[in-house]
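All remarks here apply to the structure that follows.
The values are calculated or read from the model by the stated rules, or taken from the named source; none is laboratory data. The model shown is predicted, which means the values in this text are computed figures rather than measured ones. Heads up, the Cβs are rebuilt from the backbone with ideal geometry, glycines too, and the neighbour counts pull from every protein chain shown.
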Amino acid sequence: MGGYGDVKLLREDGLRLDGRKVDEMREVEIEAGILPAADGSAWVKHGLNVAVCAVYGPMEAHPRKIQRQDRAVIDVRYNMAPFSTSDRIRPGYNRRSREISKVTAEALESVVLVERFPRSKIRVEIEILAAEAGTRCVGITAAAVALADAGIPMRDLIVGVASGKIEDTVVLDLDKAEDNYGQADLPMGILPTTGEIAFLQMDGDLSFEEYNTCMEYNLKAAREIHVLMIDALKRRYLEKNGGEA
Ligand code: CDP
């Protein structure tokens, strides 16, 4: 959120610099089960962002001090590959990736049926191969597909989506320029079946009305991405088992 007033992000015709309408998200593609060595995996392309997620487990939690007697812990590692970005600070494990790993783990713990696996651990590795704003959301979507691919029971899938504000206008799914120079960003993790929110962060300021519009856009995008997640999992199921999904 740079908030530079002199950078134009909306065109004269009301469209955004990349030609999208205010309530239009970037194109999304999803594949499940792309990594043979993992128990579950997913690949998500969201605009120019590319994320890969590998899931391992459930396995016995080690060291024992991280074990929970009544449930599994989800150990998330979000990382930006060195070649994922061209500017700003050096990627790699740092304060930002630790924060994103932590909030992602908390979001996933509220959808995975963790109580079914006491004293165990589920490892979720999220690798961002290309970063163009919104990578924490893309990571959450990829993790949900990879967890489902690993056969880990969940209450629902969880979809990462964001809306925000540029030039006093609420827009869905900020790209890099909009994220850098816009006024606000509201990433969320949404359970698409119930509309519950399992993850929410906010950068910048939004009025109550603007927040409600962001919420409406995020719910719409979550439902659209949910369809693609289910399609990817069905394709994967057919590939593994043959026959009808
Ligand atoms: O990626 P996300 O929007 O979830 O997180 P952010 O911290 O708001 O970062 C926004 C964008 O800035 C990222 O998606 C990257 O494109 C870029 N960035 C970067 O180039 N180098 C970093 N070390 C961190 C972020």
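The conditions of being among the hydroxyl-bearing types (Ser, Thr, Tyr) and either within 11 Å of the ligand (Cβ to nearest atom) or more than 13 Å from the chain's Cα centre (by Cα) (or both) are not met by THR141.
Looking at the range 174-185 only, could you name the residues that are under 18 Å from GLU209 (Cα atoms) and within 11 Å of the ligand (Cβ to nearest atom)? Answer for the range 174-185, where residues must be under 18 Å from GLU209 (Cα atoms) and within 11 Å of the ligand (Cβ to nearest atom): GLY182, ASP185.
Scanning the range 200-223 for residues that are within 15 Å of ALA144 (Cα to Cα) and surrounded by fewer than 19 Cβ atoms within 10 Å (Cβ to Cβ) yields one hit, ARG223.
Summed over the range 180-190, the residues that are over 12 Å from ASN218 (Cβ atoms) and either crowded, with 20+ Cβ neighbours inside 10 Å or within 15 Å of the chain's Cα centre (by Cα) (or both) give a count of 3.
Looking across the range 77-92 at every residue that is in a loop (DSSP other than H, G, I, E, B) and either near the ligand (Cβ under 8 Å from one of its atoms) or touching a helix residue (DSSP H, G or I) at 6+ places or on another chain (Cβ under 9 Å) (or both), the one that is modelled with the lowest pLDDT is identified as ARG88. Among the numbered conditions (1) more than 11 Å from the ligand (Cβ to nearest atom); (2) under 30 Å from GLY40 (Cβ atoms); (3) modelled with pLDDT of 95 or more; (4) polar (S, T, N, Q), the only one that GLN201 does not meet is (1).
Table: residues versus (1) surrounded by 12 or more Cβ atoms within 10 Å (Cβ to Cβ); (2) of a type in the set (Gly, Ala, Ser).
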site: GLU27; (1), (2): no, no
site: GLY33; (1), (2): yes, yes
site: ALA38; (1), (2): yes, yes
site: GLY47; (1), (2): yes, yes
site: PRO58; (1), (2): yes, no
site: ALA61; (1), (2): yes, yes
site: ARG90; (1), (2): no, no
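Does VAL22 satisfy being more than 16 Å from the ligand (Cβ to nearest atom) and farther than 19 Å from ALA143 by Cβ? Yes, satisfied. Residues in the range 93-116 that are crowded, with 21+ Cβ neighbours inside 10 Å and outside any helix (DSSP H, G or I): VAL111, VAL112. Check the range 151-160 and report whether any residue there is within 12 Å of the ligand (Cβ to nearest atom), outside any loop (DSSP other than H, G, I, E, B) and farther than 20 Å from GLY33 by Cβ. Taking every residue of the range 151-160 in turn, none turns out to be within 12 Å of the ligand (Cβ to nearest atom), outside any loop (DSSP other than H, G, I, E, B) and farther than 20 Å from GLY33 by Cβ.
Within the range 117-131, the set of residues being buried (at least 17 other Cβ atoms within 10 Å of the Cβ) and either farther than 30 Å from ASP18 by Cα or within 13 Å of the chain's Cα centre (by Cα) (or both) comprises PHE117, SER120, LYS121, ILE122, ARG123, VAL124, GLU125, ILE126, GLU127, ILE128, ALA131.
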